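No value in this document is a laboratory result; all are computed from the given coordinates. These figures come from a predicted structure and were not determined experimentally. Cβ coordinates were reconstructed from backbone atoms using ideal geometry, including for glycine residues, and neighbour counts include every protein chain displayed.
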Amino acid sequence: MQGGRSTLPCRIDGPGGQPSGCLNETVSYFLDFGRLIVILNSRVRETQKSSRPEEAPGVSAGLRGAKEEAMPLYELRKFVVPEFIFGVGARWRLGYYARTMMARRVFIVSDPGVIAAGWTQQVRDALAEVGIASTVFSDVSPNSKDDEVMAGAAMYAAERCDVIVAVGGGSVIDCAKAIAIVHANNCHVRAFEGVDRVEKPGPPLICIPTTAGASADISQFCIVLNSAERYKMAIISKTVIPDVALVDPETTVTMDSYLTACTGIDALTHAIEAFASTASSPIADVHALAAIRLIWANLGQAVREPHLMPARENMALGSLQAGIAFSNASLGAVHALAHSLGGFLDLPHGECNALLLEHVVRFNAPTAPERYRQIGEAMELDLRGASSQILTEQVSQALSTFRNRVGIVGGLAARGVSAAVIPDLAAHAVKDACIVTNPKYANLDDVKAIYGEAL
């Protein structure tokens, strides 16, 4: 809701680990143009019942049954994606879009690695060809930080720019998104943490992703590291959806094998969590399952043969499909825990997801076995006749084997996490907006246990 803030009710532990008191109803969430809307289903049904006129005497039970059967099959959902072009060479459409936006001076957000790969210079050249000046901001860390965002916003204003182009991975694009809303709203980026807390949209934003994983180029999520408290803030708002995404698989060939693996598992996690989310929808489901199939079939080859374009194209398409799904269905506990973990250790986001995914699946799957059965089948597993327990084990084990096969080995302990820091990690994770749509309610003790299993 632009011009105001939406409020999500607190989740309070009750008997059996379920929300207590007034939140004991079944709750479903969906993304409504950047706002997580809370629908208390039991209350909605009661309102529908109380609003129906009294039936005339003699109305048959059969007629009442027909009325009940006419209730909608699907819950109300909104679906938002930016304009995007997908395919090899998409980046060369930049000049056209910049001119359409009447850009005079473009603010390019990038990072040293992308500059070294040559993609940033290609962007500058494409703009120069259509007579548009540009300036580059490249002080962006692998996990974009709040002070970097503020420095970028100051430079944007000082250079009197009017359009932003982000060329890079998820951190670069998130930094660009945050720079845009800081400039428009004239406040610190930390003020936007949470759901629907951005009043004014930023200047026009064009994104050219150079990884196949984050999908920041099409989503209404923006993740920025809170440097003081060492955790990643989730900013969720329609206002951070880019105006245009130019998704060109060719820009991903300069990723090394490990970055390819990490970003690929990030995309896989997006798809799995979107499909299992309590805010899932038939439209998001189509994209989520398609993404799982593409990533499962192509990530290994992209890691082994980085310059093989068919694998890169399929990974870019899988990442795009996963992004469309999670931007409209939200995420779950993997991302909530990964945001806290990545902020604390300054680890790559995809690596954090990879280390946590199998453990969260083991936690979630018994609560939503049919959802995870479909996920497993998209991962080419034969789950016919499998019990919930066997299904859970097979899917989680397949994910563990998969991430080891693409080179993400070991656990959290090997990366410096000890049992002593788990309480601090868990305290941030349970407050993350992504945990709201996890298929199984996770309290503080649950989150601590998942971190412990991942050590």
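For this structure, a couple of remarks:
- Using every pair of distinct Cα positions in the range 283-407, the Kirkwood expression returns a hydrodynamic radius of 15.3 angstrom.
- With only the Cα atoms considered, the range 83-252 has a convex hull volume of 95 Å³ per residue.
- Taken as Cα centroids, the range 150-188 and the range 276-352 sit 25 Å apart, rounded to the nearest whole angstrom.
- Gyration tensor verdict on the range 399-455 (Cα atoms; rounded if a/c is under 1.5, prolate if a/b is larger than b/c, oblate otherwise): oblate
- Counting Lys and Arg as +1 and Asp and Glu as -1 over every other residue whose Cβ lies under 10 Å from the Cβ of T251, the net charge comes to 0.
- The local environment of A216, defined by Cβ-Cβ distances under 11 Å, has a net charge of -2 under the rule Lys, Arg +1 and Asp, Glu -1.
- For the range 373-455, GluC sites (Glu not before Pro) are listed when DSSP marks them as loop and at most 12 other Cβ atoms sit within 10 Å of their Cβ; the list is E380.
- Cα gyration tensor category, rounded, prolate or oblate, for the range 105-196 with a/c compared to 1.5: oblate
- Angstrom value of the Kirkwood radius, inverse mean 1/r, which spans all Cα pairs in the range 327-389: 13.1 Å
- Kirkwood-Stokes translational diffusion coefficient of the range 361-455, alpha-carbon pairs, 4 °C, 1.567 mPa s, µm²/s: 88 µm²/s
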